[in-house]
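A.B. asks: I'd like to ask some things about the structure below.
The values are calculated or read from the model by the stated rules, or taken from the named source; none is laboratory data. Note that the structure is a prediction, hence the values are computed from the model and not measured. Every residue, glycine among them, receives a Cβ derived from its backbone with ideal geometry; neighbour counts consider all protein chains shown. The area values use the complete protein model at the heavy-atom level, side chains included, leaving out ligands, DNA and RNA. Shrake-Rupley method; radii C 1.70, N 1.55, O 1.52, S 1.80 Å.
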Amino acid sequence: KMAAGSGPGARELFAEGLLQFLRPAVRQLDRHVHSVRESQVELREHIDSLATELCRINEDQKVALDLDPYVKKLLNARRRVVLVNNILQNAQERLRRLNHSVAKETVRRRAMLEAGGY
């Protein structure tokens, strides 16, 4: 015989509680990832603008200033921002799928609990 509190009903209640515990954390993490991605897009736009402005200044200068290294550094920074943004986008998609799975599992477990009369 099973000890009290370790039967199928207890496991279902534990799983339900765990899912209820995880759902807010997953949603909060998803919101934070979304905010960071928006910041990354804004940063990329500023880098593009700055690189364009440096090129324009370089062309307008009467004295030859070599701004190319700075433009290259900006473009390299932009490339890294795009890379991080892609990583964040993939992470956000995984979080979205996890959130969907948690919600689906919660509905399934709730239906099982209700059907079992617990």
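A.B. asks: Cβ contacts < 8 Å: first residue closer than 10 Å to Ile47 by Cβ, restricted to the stretch 75-88; second residue open to solvent by less than 60 Å² (accessible area, probe 1.4 Å) and basic (Lys, Arg), any location; separation 6+ or different chain. Result?
C.D. replies: If the second residue must be open to solvent by less than 60 Å² (accessible area, probe 1.4 Å) and basic (Lys, Arg), the pairs left are Arg78/Arg44; Val81/Arg44; Val82/Arg44.
A.B. asks: Here's another thing I want to ask about it. How many residues, within the stretch 71-84, are open to solvent by 90 Å² or more (accessible area, probe 1.4 Å) and under 20 Å from Arg37 (Cβ atoms)?
C.D. replies: 3
A.B. asks: Same structure again: Considering only residues that are out of contact with any helix residue (DSSP H, G or I) (no Cβ under 6 Å at 6 or more places or on another chain), β-branched (Val, Ile, Thr) and under 19 Å from His32 (Cβ atoms), which ones fall in the stretch 85-118?
C.D. replies: If the condition is that a residue be out of contact with any helix residue (DSSP H, G or I) (no Cβ under 6 Å at 6 or more places or on another chain), β-branched (Val, Ile, Thr) and under 19 Å from His32 (Cβ atoms), then Ile87 is the only one that fits.
A.B. asks: If Ala4 satisfies every condition in (1) within 30 Å of Leu113 (Cβ to Cβ); (2) open to solvent by 40 Å² or more (accessible area, probe 1.4 Å); (3) part of a helix (DSSP H, G or I); (4) modelled with pLDDT under 80 but one, which is the exception?
C.D. replies: It is condition (3) that Ala4 fails.
Every residue, every condition in (1) loosely packed, with under 13 Cβ neighbours inside 10 Å; (2) in a helix (DSSP H, G or I); (3) under 29 Å from the mean Cα position of the chain (by Cα), yes or no:
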{"residue": "Val33", "(1), (2), (3)": "no, yes, yes"}
{"residue": "Arg37", "(1), (2), (3)": "no, yes, yes"}
{"residue": "Glu45", "(1), (2), (3)": "yes, yes, yes"}
{"residue": "Ala51", "(1), (2), (3)": "no, yes, yes"}
{"residue": "Ala111", "(1), (2), (3)": "yes, yes, no"}
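A.B. asks: Follow-up. Could you give every pair whose Cβ atoms fall below 9 Å, whose first residue belongs to the stretch 20-47 and is free of Cβ contacts under 8 Å to residues at least 40 places away in the same chain, and whose second residue is in a helix (DSSP H, G or I) and hydrophobic (A, V, I, L, M, F, W, C), counting only separations of at least 6 or pairs across chains?
C.D. replies: Cβ pairs passing all conditions: Leu43/Ala77; Leu43/Val81; Ile47/Leu74; Ile47/Leu75; Ile47/Ala77; Ile47/Val81.
A.B. asks: Next question, about the same structure. Considering each of Gln61, Gln40, Gln92 in turn, give the residue that is over 30 Å from Gly9 (Cα atoms), of a type outside the set (Phe, Trp, Tyr) and modelled with pLDDT under 85.
C.D. replies: Criteria check complete, one pass: Gln61.
For (1) outside the structural domain of Ala103 (by the TED database); (2) out of contact with any Leu (no Cβ under 7 Å at 6 or more places or on another chain), each residue gets a yes or a no:
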| residue | (1), (2) |
| --- | --- |
| Phe21 | yes, yes |
| His46 | yes, yes |
| Leu50 | yes, no |
| Cys55 | yes, yes |
| Leu75 | no, yes |
| Leu83 | no, yes |
